[in-house]
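First the structure, in the form of structure tokens, and then the observations on it.
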Amino acid sequence: MPLIADTDKAIAALYDAKEFIGFIPARLTYVIDTAGIIRSVGTHRVHMGRHSTEALAVVQELAATAAEQEQP
């Protein structure tokens, strides 16, 4: 599963991500599945470290669900 850094804000513009903390853009984390469906959006103004933990949990849940569906 790829991880993308949006350094030029092009992806943020595509998803209309305009979350701000005062005048500073907030950190938003999207988990998008292989079909292009947004499965999770995380935004934390104080606990930035939660992004990776929560995103990983969603990815693991999606992977487990996919594995269950593949079993005969």
Report the gain in length on full extension from residue 67 to residue 29: 0.36 nm times residue separation, minus Cα-Cα distance, nm rounded to one decimal.
11.3 nm
Protection proxy ranking of 59-65, 29-35 - average other beta-carbon atoms within 10 Å, highest first
29-35, 59-65
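Read-outs throughout are calculated quantities, based only on the coordinates presented, and are distinct from any laboratory measurement. This is a predicted model, so every value here is computed, not measured. Because the Cβ atoms are built from the backbone with ideal geometry, glycine has one as well, and the counts that use them run over all protein chains shown.
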